Every structure is written in C-alpha cells, then in structure tokens.
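The values are calculated or read from the model by the stated rules, or taken from the named source; none is laboratory data. Fair warning: this is a prediction, and the values are worked out from it, not measured in the lab. Note: ideal-geometry Cβ built from the backbone for every residue, glycine included; neighbour counts use all protein chains shown. These accessible areas exclude ligands, DNA and RNA; they are computed on the full protein's heavy atoms, side chains included. Shrake-Rupley method; radii C 1.70, N 1.55, O 1.52, S 1.80 Å.
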Amino acid sequence: MILFHLAAAVMLLLWAVRMVRTGVERAHGPALKSALRGARGGQPGMALVGTALAVVLQSSTAVGLLAAGFAASGILGIAAGLAAMIGADLGSALVVKVLSYDLSELVPMLILAGTVLFLKLESRAARQWGRILLGVAFILMSLAMISEATEPLRESSMLPVVAGYLAGDPLTAFAVAALLAWAVHSSVATVLIFVSFAGSGLLPMEAALPMVLGANLGGGLVGVWLTRAMPLPARRIPLGNLIVRGVGAALALLAVIAVPVPLERLGAGAGQQLVNFHVLFNAALVLLALPLVGVVDRLTARLWPEPMAPDAAKPFISALDGKTAATPALALASAKRELLHMGETVELMFRPVMDLIEGGDKSAIARIRATDDEINRRHTDIKMFIAGMNRGTLSKDEARRGLELSATATDFEYIGDLIAKTLLTLAEEKARKRLRFSAEGWLEMNRLHARVEANLQLAMNVLVSGDLASARTLAAEKEVMRRLERESHDKHLARLQSGQAESIETSDMHLEIVRALKEINSLLVKTAYPILKECGHLLESRLAPAERETA
C-alpha cells in the first residue's frame, strides 16, 4: 500500500505538471511563440526569453520543441535555438525552486478559483486559466502526498540498504536518475521527487546530488527523443543541448565525487540544499556554455550533417488500390485512406504558415509551396478513382458517400491553394517590402491561426471516426470563427483610426490573412456536414421563414 500511494502521488505530480503546461499553451500559445520568435539581444537575449518561457510553461522541453519547430521552418538559427534551450534549463530549475516552498495553504484557494474559472465561465482563456490554477494546486497536493506516503518508509529495513548502495555508487545513482527523468518525460517532476525524498531523510545527500545531475542529463534526453521524427536541422538543437547538459553534468559529477560540497552554505535543510544545488548548476551552465553555442552548433553540424538528397526524391505513395474498384465498400475505404493522406499533407502546409509570414524565408516558403503539387495530385487521383468506381453498380448510399469524399477532396485542394497562392504570397510580399504588423494585430492573427489549426485536427478526427458529437463541435466553430473575424476587423479599424503606422502599412495584408483563415475554417467545417445531415442535425437553410404579407 505504501508503494501504491507513492506511485499514485508521483502520477498526480506528472499529470499536474502537464496540466499546467497544456493550459498555458492553449491560453497564450501564440504570444509565447511570438516571444521566442521575436527575441532580441543576441544569444543572451534568447537565453533570457528561454528562461522566462520555461518558467511559464514549467518545462524546458516545451521550449525546446518550440525552438526546434522554428528551426525546421527556417525561422530560427541553430545557435539561437540552442541559447534559448540552455536558458530554458535554468528556467525549469527556478520552477523547482518555487514549488519546493511550503505553499500548502494556497491549495484551497487555487482549487476554488480554478474550478470556478473552468466550470462557470465560457471564455476559452478563462477556462485555461482555471486549468492552470488547478494544475498548480495538484502539484502542491502531490508533493504533500509524496511526503506522507514516504513517512512509513523510514522504518523500512530495505530502504537504508538501497539508499546506502546509491550513496556509495554515485555513477549508478547518476544513471538511474537519468533513466527515470527520461521515462517520466519531466526533469522538473523528477527533481521534485528527489527533493521530497531528501527532505524526508529517505535519500542521503551523497546519492541525491548525483541523482539531480542525472535528472539534468535525462531532461536533455527527453528533447532528443521527442524530436526524433523532425528534419535534421531541427534535431540539432536538442542534440546540442544534450551535449551541453551531458558534458556539464558529467564534469559536475566528477567534481562532486572528488571535492566535498559545502552543503551548509546551500540552505538549512536537505531539501533546500538540493534545490539550490540544482539552480546553481544550471546557472553555471548558462554562464559557461552560452559563449560556446557557436562551437556546439558547428560540432552538431559535423556529427549530424544534413542529407544531400532533395525532398523531391521522396517517392509518392498512394493509398488508392485499383484492384478494389469492383468492390464498392473496399474502394470507398481506399479512397478515404487517400483522403486522410491528403488531409495530413494540408496540415503540414498549414502549420508553419505564421512562422513563414513572420520570417519570410524564401527557401522555406518555396518548400512548403511545392507541397501543393502533392495535394493537387492526390485530389485528381481521388476524383478520377471515385468517378471510375461510379461506373459500376453502386447503391444509393455508396454513390452518396463517393460524392461526399470527392467533395471533401476538392475542399482540401482549395485549402492548399489558399495557403500556396494567398498566404505564402503575402509572406513573400511582407518580406520584400520589409513590413511589420502591430503587436496587437499579429497576436490576433496567431490566435486565429491556432484556432483553425485545432479545427483542422478536429476535422481529421471527424473524418476518421464519424462521431456525431465531434461533428457538432466542428460545425459550431464556423460561428465562433465568424465572431472572431468580426472582432479582429473591428479592432483593426480602431487601430487605423488611432493612426498606428504599422497597422496602416499592413492593413490590406492583415485583412486578407484573416479572410483566408476564415475561409479555410469554413471549408474544414464542411467535413462535418455529411454526418450532421445523415443524422438530421443540419438545417437546410440559415434564413428565418419570411412573414406572410397581410392584406
């Protein structure tokens, strides 16, 4: 039962940390991305922004993923992204410092405020702030649960043996902690667990110090693992960070083994001493490693050079199977799989649009625009495949489903055109004229883009599952997007009336981007219409019935 309670407390801690990060990303994702993208002051400035973002997100890995995504789009250089990640490591250490204090008296207040915001308010931002407050409360609760669960372990006869072994073998303690941090995907949670154990007297400092250093190495492994499917330039940022953290942790481990650490200068209790050691290690890493990010950049380029083969050499793989044309059920399933491939390609085009508008990288814009050729080809193949299938004997239901798939393919193809011919063209124009949006206008467009991106994923889920509730949620997003576009338009006009130079220079561009995003969203919403119509949940017209004229 002791281990069961301890495992439950640890799982609550992991979930709560993730809950806070998810709430912050959903509430302020565009603003956080803009902060990282627009950081000034060279590498020290990037490190400072990385520190701040890690404190807000409670995760250095989340900052690393943002930096890797920008590097993949050509918005951020490898050295700048690496500086942000090094700063983010310090930010996550500061999070541990804050959460290590006894804040248990705040738990009732946080739960009450968080629940009211999440359950009683309709605003998405308010609900996400409720999620954040509840997550912080659950973090504090989980730490108290860990302390309570480990209380009986002090009487265990086995624990002193294990703790004594780890204290006498710092290399094993280091390796175990690194694997644990990688397994739970959170160095913050891992270090908090060690701090709780040390504060309870269950973990001697001879083992705790190497384990904190191992958790730092494990945190670097998490970023490498999560970006393993990204293109190589993006992967070099977490790989470089792993080199920095790995070398730093190994050197610090040797120093801890060789020279006694003056623990009395790091705090009163074992828990605070461990937290302060963790913060000092990451602060020293920033000071020592930041001047060397250029060297690490060149080292990663040598160790992991980019492949010379062009992207165009990748084979085009189609899910359409001509052998199924004689069997309508199989043919429709084949067409649906190809439509899903088409939707995934649209998503790959749409995701980096705002980064490209901000950065204006010509090669990245050309690479994304070339993806539209694949979308056009899949559209043509689906259309011809379904047309050929319809030449056979089809039931009324099968013919209807074929037309619906063909119509959705046409909508996806049009989305690809809107991205390639409208949004990317505006990105080129903005870069050519060296224009800059106002901070308010840029934030509005990023929020709209994030909303459409979420609806694109929802549309794909609706296409796969055919779920009525999801279809209704997606259909409701059309009215939400109409309202957001109207609000953005009104705010933009207010900025024009106030005489903001940036808004005046980019007025037409701002309105075109917002209009294109709204149009893309409307096309995505149409994915839900066949399901709603079949279940009788779709009105034939939005017009109110006309009143009869009286004589």
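Can you find a residue that is touching a Leu at 6+ places or on another chain (Cβ under 9 Å), free of Cβ contacts under 8 Å to residues at least 60 places away in the same chain and within 22 Å of residue 358 (Cα to Cα) anywhere in the range 466-482? Within the range 466-482, not a single residue is touching a Leu at 6+ places or on another chain (Cβ under 9 Å), free of Cβ contacts under 8 Å to residues at least 60 places away in the same chain and within 22 Å of residue 358 (Cα to Cα).
Using the structure shown, decide if residue 237 is β-branched (Val, Ile, Thr), in contact (Cβ under 8 Å) with a residue 40 or more places away in the chain and farther than 22 Å from residue 70 by Cα. Answer is no for this residue. Restricting to the range 92-117, give me the number of residues that are among the small types (Gly, Ala, Ser) and either surrounded by fewer than 20 Cβ atoms within 10 Å (Cβ to Cβ) or farther than 20 Å from residue 52 by Cβ (or both). Total satisfying the criteria: 3.
Filtering 504, 513 for residues that are of a type in the set (Val, Ile, Thr), farther than 28 Å from residue 410 by Cβ and assigned to a helix (DSSP H, G or I) leaves a single hit, 504.
Counting residues in the range 379-393 that are assigned to a helix (DSSP H, G or I), β-branched (Val, Ile, Thr) and touching a residue at least 12 places away in the same chain (Cβ under 8 Å) gives one or more. For the range 249-294, the tally of residues that are under 23 Å from residue 203 (Cα atoms) and either open to solvent by less than 30 Å² (accessible area, probe 1.4 Å) or not polar (S, T, N, Q) (or both) stands at 32.
Is the range 436-450 home to any residue that is under 20 Å from residue 343 (Cβ atoms), open to solvent by 60 Å² or more (accessible area, probe 1.4 Å) and not in a helix (DSSP H, G or I)? No, every residue in the range 436-450 fails to be under 20 Å from residue 343 (Cβ atoms), open to solvent by 60 Å² or more (accessible area, probe 1.4 Å) and not in a helix (DSSP H, G or I). Among the residues making up the range 474-503, those that are of a type outside the set (A, V, I, L, M, F, W, C) and open to solvent by less than 40 Å² (accessible area, probe 1.4 Å) are 477, 488, 492, 495, 503. Out of all the residues in the range 186-202, is one or more more than 25 Å from residue 13 (Cα to Cα) and assigned to a loop (DSSP other than H, G, I, E, B)? No, the conditions are met nowhere in the range 186-202. Residues considered: 47, 16. Of these, the only one that is open to solvent by less than 20 Å² (accessible area, probe 1.4 Å) and either under 16 Å from residue 190 (Cα atoms) or at pLDDT below 75 (or both) is 16. Could you tell me whether any residue of the range 338-348 is closer than 23 Å to residue 465 by Cα, open to solvent by 20 Å² or more (accessible area, probe 1.4 Å) and in contact with a Gly (Cβ under 8 Å, 6 or more places away or on another chain)? For the range 338-348, residues closer than 23 Å to residue 465 by Cα, open to solvent by 20 Å² or more (accessible area, probe 1.4 Å) and in contact with a Gly (Cβ under 8 Å, 6 or more places away or on another chain): absent. Among the hydrophobic types (A, V, I, L, M, F, W, C), over 20 Å from residue 519 (Cα atoms) and in a helix (DSSP H, G or I): is that true of residue 407 in this structure? Criteria not met by residue 407. Exactly one condition in (1) at pLDDT 90 or above; (2) of a type in the set (A, V, I, L, M, F, W, C); (3) touching a Pro at 6+ places or on another chain (Cβ under 7 Å) is not met by residue 456; state its number. Status for residue 456: all satisfied but (3).
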